[in-house]
Amino acid sequence: AQKITQTQPGMFVQEKEAVTLDCTYDTSDPSYGLFWYKQPSSGEMIFLIYQGSYDQQNATEGRYSLNFQKARKSANLVISASQLGDSAMYFCAMREGQGDYKLSFGAGTTVTVRA
Amino acid sequence: DSGVTQTPKHLITATGQRVTLRCSPRSGDLSVYWYQQSLDQGLQFLIQYYNGEERAKGNILERFSAQQFPDLHSELNLSSLELGDSALYFCASSQRTGPANEQYFGPGTRLTVT
């Protein structure tokens, strides 16, 4: 079974607007972490934001925020005030358990920001 | 720049050959992970090392092997290469402290098997 599901293969957003990328996850472990990574066309994977399963508040990092709905098992990424440089592939990932364990990735969502 | 280095950046080789991909983790990171990114399989975890010891294994083929050396750099060896092994291979590293234990990825090695 898929641990991470990203249902939007591609999205277009106008510059300066906000965009929400969907991510749902599946785990029976009460302790887990959710991550978002950005992969520009150059190929590198850039860590954006983290949300722990026990965190009471939604994570925010600059223009990135994570809309964490634990009961619905969703961890959507919101990018506010989109910039042309935000055009990239975005991956949602999950680590099950506390500690330095492997990440399971979704299929990714391609975001294209239009001027 | 994540601080994780990988060499080479690109590798083109023929079927049946053997190649070695090299990774140096961020300073102070003891955990090293290898991932494979391909069009059909997406991003898949291969193997993890912690301070020289194998810690976890994922979807790694028997033709593939890895090790982590005392200086903490890691190598991924791919042998008897097939066309389907063409992919982007990432190394990532993390510290074992803090709640996030976020993994920082290297720039990847793009392997093309012809």
In square angstrom, what is the accessible area per residue of chain A with a 1.4 angstrom probe? 47 Å²
Summing +1 per Lys or Arg and -1 per Asp or Glu among the other residues with Cβ less than 15 Å from residue A:74's Cβ gives +1
If you take the Cα Rg of chain B and divide it by 2.2 N^0.38 Å, with N the number of residues, what do you get? 1.01
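Give the accessible surface of chain B per residue, rounded to a whole number of Å², with probe radius 1.4 Å and ligands, DNA and RNA excluded.
Solvent-accessible surface per residue comes out at 48 Å².
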Roughly to the nearest percent, how much of the accessible area of the protein assembly as shown is carbon and sulfur, given a 1.4 Å probe? 48 percent
From zero up to wherever the largest Cα-Cα distance of region A:27-77 sits, split into 10 Å bins and tell me the percent of pairs in each. 24, 50, 22, 4
With charges only on Cβ, +1 for K and R and -1 for D and E, what is the dipole size of region A:1-65 about its Cα centre, in debye, rounded to 20? 100 debye
Determine the total buried accessible area between chain A and chain B, counting protein heavy atoms only with a 1.4 Å probe; round to the nearest 100 Å². 1600 Å²
Partner aspartates and glutamates for residue A:73 [C-alpha distance under 19 Å; skip if fewer than 8 residues away on the same chain]: A:22, A:26, A:29, A:55, A:96
Complex-versus-alone comparison for region A:94-115, residues with a loss of 10 Å² or more in accessible area, probe 1.4 Å: A:95, A:98, A:99, A:100, A:101, A:102, A:103, A:105
Cα-only Debye scattering, region A:1-101: base-10 log of I(q)/I(0) at q = 0.18, 0.21 Å⁻¹: -0.85, -1.13
Threshold 20 Å², region A:41-78 residues less accessible with all protein chains present than alone (1.4 Å probe): A:43, A:44, A:45, A:47, A:50
For region B:36-50, residues shielded by at least 20 square angstrom of accessible area compared with the chain on its own, probe 1.4 Å: B:37, B:43, B:45
Proximal charge balance of residue A:98 [Cβ under 11 Å; K/R count +1, D/E count -1]: -1
Run through region A:1-62 and list the trypsin sites (Lys or Arg not before Pro) located in a DSSP loop whose Cβ has at most 14 other Cβ atoms within 10 Å. A:16
Place a +1 charge on the Cβ of each Lys and Arg in chain A and a -1 charge on the Cβ of each Asp and Glu, then give the dipole magnitude about the Cα centre in debye, rounded to the nearest 20. 140 debye
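The values are calculated or read from the model by the stated rules, or taken from the named source; none is laboratory data. Here the structure is a predicted model, which means the values were calculated and not measured. Every residue, glycine as well, gets a Cβ built from its backbone with ideal geometry; the counts of neighbours run over all protein chains shown. Heads up: the accessible areas ignore ligands, DNA and RNA and are worked out on the full protein's heavy atoms, side chains in. Shrake-Rupley method; radii C 1.70, N 1.55, O 1.52, S 1.80 Å.
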